[in-house]
Amino acid sequence: RSIANEGAELGPASNNPEYAQFEGTNSMAVPDFQSIMLPLLEYMSDGQIRSIAETVESLADEFQLTADERTELIPSNRQTKFYNRVSWAHIYLARAGLLERQRRGYYSITEPGRSVLASKPARIDIHFLRQFPSFVEFRDTKPEVNATEAATVEPTPTKTPEEVMDDAYQEIRDNLAQELLAQVMKCSPAFFERMVVELLVKMGYGGSRSEAARAVGQTGDGGIDGIIDEDRLGLDTIYIQAKRWDGNSSVGRPEIQRFVGALMGRRARKGIFITTASFSADARAYVNNIDFKVVLIDGKRLADLMIDYDIGLTNVLTYQLKRIDSDYFSEDG
């Protein structure tokens, strides 16, 4: 019963404290996916076949969501939180037989769905849906192979299964980023400079690794640690400053001004300042108000880039979130 496969297609609140409409006093007022179920079924009550996208817009108006709430993303940044939750509400209602999936992303109400609305329920949630055998089978059937259990993520009262997976992934990633920075701090400054160039090469700068290696350790003066081509043809040059600093400190405006001065001395206009620490607000404001293109990469962003481009990492386990290929099952010609 891998609901993860279905969820990847996706693209009135109760006073019951167990199913609070909002995720905390500081969070945005995006309703949880169970609080969406009854308004969704009511919206579908006219019998029309409607797309999830159309339904999202109408329900967003009904819940009076602000522009920020409508565009708030789930942790993976693949989808808005409200769209994700409306999509999962569709899936759960369909599993209970109250909605019917007509084709990918399109649903309509069923006769059991009309009967439920006729009974005027105060709320529809997972507990309510357990009265329907098809939903109980969907929720309670356990996979026979333990290796597939990762795909059967249980939702919380406020979060969809996909959000639960995203949150767990983000927590693992955050911990990994901290470990990466701690490991980098144990390395020598020379190793750090070589690592920075390797990262830039994997990001598409400087051509091959051997060609980019010339950028390390050959200038070392005037606030410049290295030079790398912006592209494989060498149409432009980027100057690099790579500083392995204590994470408790921050790089201030004076250090950035010295780097910009070094760029001016070489008649260069593009630079990357990379550090394991952070940048002060004054330093960031300074680079936003100069004619030079200077990119600041702090420790957090550096760790994220290392994870994205597999610098110093090895792959342990890969999960794939899949969806139904509706075209495959089409028999139209």
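Points worth noting:
- Packing order of peptides 36-45, 302-311, highest average first: 36-45, 302-311 (average count of other Cβ atoms within 10 Å over each peptide's residues).
- Hz values of 3J(HN,Hα) by residue in segment 299-308 - Karplus curve (6.51, -1.76, 1.60), Gly and Pro given as x: x, 5, 5, 4, 4, 4, 5, 4, 5, 5
- Expressed as a whole percent, the accessible surface of segment 83-136 that belongs to carbon and sulfur atoms is 52, based on a 1.4 Å probe.
- Chain lengthening between E137 and L176 when straightened (0.36 nm per residue, less Cα-Cα): 10.3 nm
- Placing dummy labels 7 Å off each Cα toward the beta-carbon, the span from F292 to D327 is 4.9 nm.
- Table column - 3J(HN,Hα) (Hz), segment 278-293, Karplus curve with 6.51, -1.76, 1.60, x for Gly and Pro: 10, 10, 5, 4, 5, 5, 5, 5, 4, 5, 7, 10, 10, 7, 7, 8
- Model label points for E57 and M203, set 7 angstrom from Cα along the Cα-to-Cβ axis, are 3.8 nm apart.
- Accessible surface, segment 276-333, averaged per residue in Å² (probe 1.4 Å): 73 Å²
- Taking amide H as placed 1.01 Å from N in the peptide plane, the amide H of F279 sits under 5 Å from that of V251, each at least 5 places away or on another chain.
- For segment 271-312, the fraction of alpha-carbon pairs in successive 10 Å shells from zero, as %: 28, 48, 21, 3
- Inter-probe distance in nm under a simple model that places probes 7 Å from Cα toward Cβ, at S108 and R130: 3.3 nm
The values are calculated or read from the model by the stated rules, or taken from the named source; none is laboratory data. Remember, it's a predicted structure, so these values are computed and weren't measured experimentally. No Cβ is skipped: glycine too gets one built from the backbone with ideal geometry, and neighbour counts run over all protein chains shown. Note: accessible area is taken over every heavy atom of the protein model, side chains too, but ligands, DNA and RNA are not part of it. Shrake-Rupley method; radii C 1.70, N 1.55, O 1.52, S 1.80 Å.
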